[in-house]
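Below you'll find the structure, written out as structure tokens, and then a few comments.
The values are calculated or read from the model by the stated rules, or taken from the named source; none is laboratory data. All figures in this text were calculated on a predicted structure; none of them were measured in a lab. Because the Cβ atoms are built from the backbone with ideal geometry, glycine has one as well, and the counts that use them run over all protein chains shown. These area figures cover heavy atoms from the full protein model, side chains too; ligands, DNA and RNA do not enter into them. Shrake-Rupley method; radii C 1.70, N 1.55, O 1.52, S 1.80 Å.
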Amino acid sequence: MHKLCFILLFSFNLLGQNNIPKGAFLEDTIHLGEIVNYSLVYRHLDKNEVFFPGKNYNFAPFELVDKIYFPSKTTNNITLDSAIYQLRTFSLEKTQNLKL
């Protein structure tokens, strides 16, 4: 019974509109002018088309150096899209935020 409830709740969450992309810096320290990697992952229904930010996006206070996109992977009508953004900053602020 517990396993069935978990599967139903998991399916409901995944198929609902509450899914948000998950992003994280892959390094815990950023040095002035050096490249830092940022991972962006999104799981969604395979019928939905997803666009990740590209070179025209404002990554301030970071600048985009490069992006690595991975092919979409679909299992049981759920697609996983992911990319790694290579960024750098020349800002001297102790705390810097990135919104994608």
| remark: With all protein chains in place and a 1.4 Å probe, Asp28 shows an accessible area in Å² (nearest 10) of 150 Å²
| query | Mind listing P(r) for the stretch 52-100? All alpha-carbon pairs, 10 Å bins, whole percents. | reply | 22, 42, 24, 10, 2
| request: Amide H neighbours of Leu98 under 5 Å, at least 5 residues apart or on other chains, H built in the peptide plane: list them. | output: none
| said: For the stretch 22-75, which trypsin sites (Lys or Arg not before Pro) pass both filters: DSSP loop (anything but H, G, I, E, B) and at most 12 other C-beta atoms within 10 Å? | reply: Lys47, Lys55
| Solvent-accessible area per residue for the stretch 10-100 at a 1.4 Å probe radius, Å²? | 75 Å²
